[in-house]
Amino acid sequence: MLQNYVLLREFLPRDQEVFCSLQEDQDVGQFVDWLPRTRYQAEVAFWDALEQQVMPIRSRFFYAVEVDSIVAGSVGFTLLSGGSADCGWFLRKNFWGKGIGTKAVALLVEDAFVKGISKLRASARSQNIGSIRVAEKCGFQRLGEKNGRVFFEVIDNRKI
Ligand SMILES: CC(C)(COP(=O)(O)OP(=O)(O)OC[C@H]1O[C@@H](n2cnc3c(N)ncnc32)[C@H](O)[C@@H]1OP(=O)(O)O)[C@@H](O)C(=O)NCCC(=O)NCCS
């Protein structure tokens, strides 16, 4: 029985199929501006994610969301200037609506702060109620809305 034990981990070579099918998925892609990707684009992104893990100076951190040892989705952040980063999240459709997104994004925020990032930014389409709720539940403050997107940030209060 699934207990929904959620963890984040680095992607491994054996995750290629699930990573690519997630990025090709039309259900996921309807909510994410840069998705769906073609298989080729997804493979390039996958190998970039693996390469980033061994870079001496890393700018992108993409993690597999593992639920009871199954890869359910992906979350990550890209460093911006001034100690901030832009983050995002998406899960395979059969994992939606089970509290997994909230747990995964809470872990992502914690990971970013542990890595010394002081401010995380995110955005979602205004109609994407699930993603907006995930941001709110993980401590993101709403900055405003523009061109059909809601913008958020969360600051590491331990540093203030
Ligand atoms: C967005 C996404 C990551 C949310 O993860 P999730 O595991 O489904 O969300 P959770 O189960 O943790 O739910 C978090 C909150 O959102 C609400 N919620 C989730 N999906 C919802 C939906 N479709 N409509 C309304 N509320 C929704 C839940 O009820 C919960 O709120 P509550 O605790 O106040 O009841 C996931 O649905 C997903 O991957 N969607 C497709 C890709 C995507 O939209 N990515 C984000 C792009 S900005």
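The values are calculated or read from the model by the stated rules, or taken from the named source; none is laboratory data. Note that this is a predicted model, so its numbers are computed, not measured. Glycine also receives a Cβ, built like all others from the backbone with ideal geometry; neighbour counts cover every protein chain displayed. Please note that ligands, DNA and RNA were not included when accessible areas were found on the heavy atoms of the full protein model with its side chains. Shrake-Rupley method; radii C 1.70, N 1.55, O 1.52, S 1.80 Å.
Okay, here's what the table says:
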{"quantity": "Segment 38-113: radius of gyration over Cα atoms, expressed as a fraction of 2.2 N^0.38 Å", "calculated": "1.16"}
{"quantity": "Residue among S21, S123, S69 with the largest mean-square fluctuation in a Gaussian network model of the chain, springs linking Cα atoms under 10 Å", "calculated": "S69"}
{"quantity": "Percent carbon-and-sulfur accessible area, the chain, ignoring ligands, DNA and RNA, probe 1.4 Å", "calculated": "55 percent"}
{"quantity": "Estimated FRET transfer efficiency when R0 is 25 angstrom, pair K119-W96 (beta carbons, to 0.05)", "calculated": "0.35"}
{"quantity": "Cα gyration tensor of the chain - equivalent ellipsoid semi-axes, whole Å, descending", "calculated": "22, 19, 17"}
{"quantity": "Sparse-neighbour loop sites [trypsin sites (Lys or Arg not before Pro); segment 105-160; at most 16 other C-beta within 10 Å; DSSP]", "calculated": "K115"}
{"quantity": "Neighbour net charge for R39 - beta-carbon separation under 14 angstrom, K R +1, D E -1", "calculated": "-3"}
{"quantity": "Selection of chymotrypsin sites (Phe, Trp or Tyr not before Pro), segment 31-91, meeting DSSP coil and at most 13 other Cβ within 10 Å", "calculated": "W34"}
{"quantity": "Rounded accessible area per residue of the chain, 1.4 Å, Å²", "calculated": "55 Å²"}
{"quantity": "Pairs of lysine residues in the chain - Cα separation under 24 Å, sequence separation of 8 or more or cross-chain", "calculated": "14"}
